[in-house]
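Worksheet for the structure shown next.
Please treat every number below as a calculation from the coordinates, not as lab data. Predicted model only: the values in this text are computed from it and were never measured. Ideal geometry is used to build each Cβ from the backbone, glycine not excepted, and the neighbour counts take in all protein chains shown.
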Amino acid sequence: MRIEVDPDRCAGAGMCALTDSDVFDQDEVDGTVVLLTPSPSEEHHRSAREAAHLCPAGAIRVVE
Amino acid sequence: MTGTLRTTLPTTRSTPLDPPPELGRIREQEPLARLEYADGHLGWLVTSYELTREVLADNRFSNRAELQRFPFEIGGQVVPPQPPAKPGMFISMDPPDHTKYRRLLTGQFTVRRMNLLRPRIERIVADHLVAMREHGSPVDLVPTFARPVPSLVICEILGVPYEDRAEFQQNTDRMLRLDRTFDEIMAAFARIEEFVADLVRRKRVSPGDDMLSGLLESGELTDEEVANMGVLLLVAGHETTANMLAIGTFTLLRNPDQLAAVKADPSLVDNAVEELMRFLTIIQFGTSRTALEDVELAGQVVRAGDSVIISTPAANRDPHRFERPDELDVHRPASGHVGFGHGIHQCLGQQLARIEMRAGFGGLFREFPDLELAVPAEEVPMRTDMSIYGVHSLPVAFS
């Protein structure tokens with residue numbers, strides 16, 4: 001699994017960091033998405049997909 | 001075939017904790033129906049979960065103030081067209097203006113920052129539980145707990161003197177009433193604006209360690225912009241969480257098996273908060289957008305200029321997304337609900353609200369495990385007359 005994020009689209013709602021804080025974080029200054037783990041291990045696949053679904057701004061893409 | 005059903009926005013509930021049943025019938029029949037607005041406009045009504053997400057994520061649907069229409073009369077009058085949003089009132093703007101303002105705030109409301117506030121919020125909750133105990137049973141939960149907790153939290157964050165909140169609260173109340181004329185509502189709003197503008201002027205002279213001072217010091221904003229952002233955050237921070245705490249408590253007391261599950265396993269409270277957000281959807285008339293260009297949606301064409309009501313209460317009860325949607329189930333996977341909205345305007349303060357609600361419900365039922373209603377449930381006055389749903393008061397008893 002590979003994850004792509006687009007901070008320009010990000011609305012800073014924090015759903016990704018709330019869903020899996022090992023994979024996603026938020027920028028200290030503007031709160032936009034920071035990708036910690038572009039290719040997460042299998043145990044994070046479900047939550048990464050969930051985060052992509054929850055993202056209100058469509059800023060997260062999961063490539064399987 | 002969709003788009004053949006014509007309706008007005010259903011607003012009549014038959015049970016206090018469920019949205020109007022007519023919304024469910026419309027969703028089943030035509031999740032994208034034609035909606036007759038109070039000003040004669042023929043727009044659209046979205047009631048399914050899928051279409052709700054689709055419309056709210058699509059920036060061709062605008063939230064600009066001057067494009068909004070109201071689905072019903074307010075205070076017996078058709079609401080006149082609104083002027084464009086004032087500088088800083090970014091909820092009523094589209095990108096890129098919206099983005100500019102929101103980006104200056106999102107860093108302040110991150111999951112991590114809100115988690116750092118948790119001990120302080122738990123302290124505020126604990127102090128109010130002590131005050132409830134000292135007051136003695138029975139007590140009205142709204143003025144003793146549900147309102148002051150989020151009020152104190154947002155006042156501390158923004159740097160609003162808590163002593164000033166009474167006047168402010170009164171005007172917020174007037175502003176959200178549906179039985180006042182639009183002029184009265186706007187007058188109440190103007191007084192809130194004056195209050196915050198005055199506060200911003202004082203902070204320009206002597207800044208504190210708070211969010212309004214921080215916005216002023218960013219050097220990117222005028223006093224007027226900071227004041228309008230402050231108005232937005234203050235109103236949003238007060239009313240929403242306060243109403244969720246009160247009606248959420250009422251809902252748990254009305255569902256004793258669910259409450260028992262949360263008491264038996266306090267780690268369930270996080271999910272219970274999501275489920276209460278889904279189940280109650282206190283933004284009871286949903287949200288509104290207007291198409292900037294022709295948009296194909298569910299086999300129909302929403303024309304440029306058409307307004308759309310997106311019924312988040314109906315979406316959160318959509319059986320295609322949530323099994324047994326009309327049951328409160330604190331164990332269900334409730335994430336993905338649209339109680340905080342969806343798209344670029346999704347609630348900025350949602351991570352704060354989550355922590356307030358977790359601390360609030362958790363603390364309340366830990367301190368008062370035998371909390372119960374002090375009046376028959378049907379005597380609890382519901383906020384059917386307010387744009388944010390909830391209870392006007394909630395008399396509770398404890399030993």
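A few notes on this one:
- Counted residue by residue at 0.36 nm each, then reduced by the alpha carbon distance between them, the extension gain from residue B:201 to residue B:36 reaches 55.0 nm.
- Ordered by the count of other Cβ atoms within 10 Å of each Cβ, fewest first, A:10, B:347 give B:347, A:10.
- Taken over the alpha carbons of segment B:6-397 as equal point scatterers, the Debye sum produces base-10 log I(q)/I(0) values at 0.06 Å⁻¹ of -0.23.
- Interchain or long-range residues, amide H under 5 Å from residue A:34's placed H: A:25, A:26, A:27
- Listed values for segment B:163-171 are Karplus-derived 3J(HN,Hα) couplings in whole Hz (6.51 cos²θ - 1.76 cosθ + 1.60, θ = phi - 60°), namely 4, 7, 6, 4, 5, 4, 4, 4, 6, and x replaces Gly and Pro.
- Pair residue B:294, residue B:254: separation of 7 Å Cα→Cβ label points (nm): 4.5 nm
- Cut-off under 5 Å, modelled amide H: who pairs with residue B:62 long-range: B:290, B:291, B:292
- Relative packing of B:144-156, B:236-248, which averages over residues the other C-beta atoms within 10 Å, highest first: B:236-248, B:144-156
- Per-residue mean of foreign Cβ neighbours for A:16-28 is 3 (Cβ atoms of other chains, 10 Å radius).
- Taking every residue in A:31-38 and counting other chain Cβ atoms within 10 Å of its Cβ, the average works out to 2.
- Each of B:197, B:178, B:215 was scored by the projection of its Cα onto the charge dipole of segment B:163-227, and the greatest displacement toward the positive side belongs to B:178; charges sit on the C-beta of Lys, Arg, Asp and Glu.
- Residue by residue along B:99-106, Cβ atoms of other protein chains within 10 Å of the local Cβ number 4 on average.
- Under a 5 Å amide H cut-off, with hydrogens placed 1.01 Å from N, residue B:394 pairs with B:141, B:142 among residues at least 5 apart or on other chains.
- Computed on the Cα trace of segment B:109-197, the radius of gyration divided by the Kirkwood hydrodynamic radius gives Rg/Rh = 1.05.
- Over segment B:127-248, the reciprocal of the mean inverse Cα-Cα separation, the Kirkwood hydrodynamic radius, stands at 15.4 Å.
- Measuring how big chain A is from its alpha-carbon positions, Rg and Dmax come out at 10.2, 31 Å.
- Counting neighbouring beta carbons within 10 Å and listing from fewest to most, the residues B:327, B:274 come out as B:327, B:274.
- q = 0.08, 0.09, 0.10, 0.13 Å⁻¹, the protein assembly as shown: log10 I(q)/I(0) [Debye, one scatterer per Cα]: -0.45, -0.59, -0.74, -1.34
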